[in-house]
Amino acid sequence: MTSAVSVVLCVRNGEAYIRDALDSIAAQNMENIETIVVDDGSEDQTAELARAHRVGAQVINRPPLGVPAALNAGVEAASKELIAFLDADDVWPSTRLGEMVRFLDSNPSVEIVYGQMVNTDQSLRHKHAPFPARHLTCSVLRRSALAAVGPFRTDVVHASNVDWMSRAFAMKIPMAQLEALVLLRRVHGENMGVRDATRGRRDLLRVIRDHRARSKHG
């Protein structure tokens with residue numbers, strides 16, 4: 001029997017693209033998918049669109065406390081053994097979850113599986129060839145990995161997901177890579193890192209320094 005998956009989607013003011021993201025969850029070639037949308041204080045129709053979508057998402061409304069706090073809330077609400085993350089402006093290929101879950105079911109010693117991503121324009125046209133990406137949104141994780149590594153740090157806004165994967169790598173959490181496209185990352189003017197580039201660079205530098213410190217002492 002194929003393992004069940006909780007999909008956590010954290011979003012603020014994502015009405016422009018959230019239908020595409022939820023459509024790509026609904027199109028996955030497997031059953032037993034739980035979708036959790038954490039609305040981080042949206043001021044548009046994001047929450048309404050998520051509630052009306054056929055994927056049947058559980059929508060959690062929260063004040064705008066930032067992506068890391070929203071991720072932690074989503075993980076807390078998730079009830080399945082496997083957990084995947086999707087940004088509201090990105091899209092999954094339809095075979096993504098099925099292939100990654102089957103790999104984990106066949107390889108019980110692996111805690112995290114990740115694949116390839118490609119950056120796209122607003123219309124999802126590829127900007128380059130797919131490449132391997134050990135990113136949170138390119139992965140499916142066992143709940144045990146999340147418990148071992150701990151919550152997403154909330155003192156950085158833009159790079160908490162990078163920090164989490166860095167901590168998992170430093171802890172030698174077993175990971176494996178699939179040679180498959182698992183994420184279409186939409187690049188546009190409203191990407192969080194574009195809107196707040198200065199804070200994004202500052203947060204990423206902090207995460208890189210912490211990663212180097214862990215590597216030095218590992």
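Observations on the structure shown:
- Qualifying residue in the stretch 58-66 (condition: buried (at least 20 other Cβ atoms within 10 Å of the Cβ) and of a type in the set (A, V, I, L, M, F, W, C)): no
- Exactly one residue out of S24, S42, S6 is within 16 Å of the chain's Cα centre (by Cα), more than 22 Å from N119 (Cβ to Cβ) and of a type in the set (G, A, S), and it is S6.
Residue by residue, here is whether (1) under 17 Å from I83 (Cα atoms); (2) not small (G, A, S) holds:
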site: S6; (1), (2): yes, no
site: C10; (1), (2): yes, yes
site: R19; (1), (2): no, yes
site: D23; (1), (2): no, yes
site: M30; (1), (2): yes, yes
site: I33; (1), (2): yes, yes
site: D39; (1), (2): no, yes
site: A50; (1), (2): no, no
site: V55; (1), (2): yes, yes
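- Residues of the stretch 137-167 classified as among the charged types (D, E, K, R), in a helix (DSSP H, G or I) and crowded, with 20+ Cβ neighbours inside 10 Å, total: 1
- Going through (1) in contact with a Ser or Thr (Cβ under 6 Å, 6 or more places away or on another chain); (2) within 20 Å of I112 (Cα to Cα) one by one, A69 falls short only on (2).
- The helices (runs of 4 or more DSSP H) found wholly in the stretch 1-103 and carrying at least 2 residues that are closer than 22 Å to A159 by Cβ occupy 67-77.
Taken together, the values in this text are just the output of simple stated rules run on the coordinates, not laboratory data. Note that the structure is a prediction, hence the values are computed from the model and not measured. Heads up, the Cβs are rebuilt from the backbone with ideal geometry, glycines too, and the neighbour counts pull from every protein chain shown.
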